[in-house]
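What follows is a single structure, written as structure tokens, with notes after it.
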Amino acid sequence: MATAMIPQPENHAVAPAWHTVLVVLIMLGLSWLSAYSQGLPSVGNTHNRISRYITSTVMEWLILGFIWLGLRLRKQRMRVLLGESWGDIRQIPRDFGIGVLFLIISYFVLGLVSHLLKAAPNAAIRNLLPRTPAEIAVYALLTVTAGICEEMIFRGYLQRQFSFFFHSATAGVVLQGIMFGAAHGYQGPKFMLIIVVFGMMFGMLAQSRRSLRPGMFAHFLQDLITGIAAGRFMK
């Protein structure tokens, strides 16, 4: 007889420990590759931004697919990562507003951290900014993917797993934030530290709202607006 998919409470892991270790190693390996190649991984012409955007989009969905396999081992659905209020569509406008407010606050916080670190975009960051209409269109698809996949990977999966393994919601927020920064190797040490702070802020948002939806809105908007604006004005 088939076993039903049974939701587990938050004090249970949603996937085996070995699976989480593999996810961490995969993320660190891809980060090292991006640092080594000085940009997002690419299949084909390494100087083609569109190729890099497409490769990164595919990789993020593949990692999310691997997480889905881990959840299946514990008879869990992907919905367990999204949060308790995900199914209530009446909360979408409110979650969008919360995401925008979070983004405004985060700009001030990250601006201060950036100023203290005297951080400046490196060549890898500048070379990845979209310039042409075609690049902007494909980049926009990448930002949608990042908003969905990265929130589910870091705040949905890793934060939940770390919270269980270390018996602390705070540890979950901190460790997934560190992993979030570590996954952006191509941006260099200073920007990786800024991304750690950003990741922890996203983690606190997900924890407080018990939903990934506000963070998904904020993540998508941040990547889209910042990328297009920087590509327009930064040489």
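Bear in mind that the values in this text are calculations on the coordinates, not laboratory data. Since this is a predicted model, take the numbers as computed values, not measurements. Counting neighbours? That spans all protein chains shown, and the Cβs are built from the backbone with ideal geometry, glycine included.
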Magnitude of the Cβ-charge dipole of the stretch 50-187, K/R +1 and D/E -1, about the Cα centre, nearest 20 debye?
-> 240
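So, R0 is 25 Å and r is the distance between the beta-carbons of Val58 and Arg79; what FRET efficiency does that work out to, to 0.05?
0.60
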Label-point separation (nm) for Phe233 and Arg131, each offset 7 Å from Cα along Cα-to-Cβ?
-> 1.9
Is any helix in the chain, taking whole DSSP H runs, at least 15 angstrom long along its axis by alpha carbon and on average at least 1.6 on the Kyte-Doolittle scale, and which ones?
-> 92-117
Can you find, among Val144, Gly181, Ile125, the residue farthest towards the positive end of the dipole of the chain? Put +1 on the C-beta of Lys and Arg, -1 on that of Asp and Glu.
-> Ile125
With r defined as the distance between the Cβ atoms of Arg72 and Ser114 and R0 fixed at 30 Å, what FRET efficiency is calculated, to the nearest 0.05?
-> 0.15
Residues with amide H under 5 Å of Lys75's amide H, sequence separation 5 or more or different chain, H placed in the peptide plane at 1.01 Å from N; which?
-> none
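For the stretch 90-235, what relative contact order do you get, as a whole percent, if you take Cα pairs closer than 8 Å and at least 6 residues apart?
Relative CO of the stretch 90-235 lands at 38 percent.
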Dipole moment magnitude, nearest 20 debye, the chain about Cα centre, only Lys, Arg, Asp, Glu C-beta charged = 120
What is the magnitude of the charge dipole of the stretch 140-235 about its Cα centre, with +1 placed on the Cβ of each Lys and Arg, -1 on the Cβ of each Asp and Glu, and no other charges, expressed in debye to the nearest 20?
-> 140
Please give the direction-averaged projected area of the C-alpha convex hull for the stretch 89-166, in square nanometres with one decimal.
-> 8.2
Would you mind checking the radius of gyration and Dmax of the stretch 175-235 based on alpha-carbon positions, in Å?
-> 12.7, 40
MRE, 222 nm, helices only [DSSP H, n ≥ 4, -39500 (n - 2.57), over the chain, to nearest 500] | -22500 deg cm²/dmol
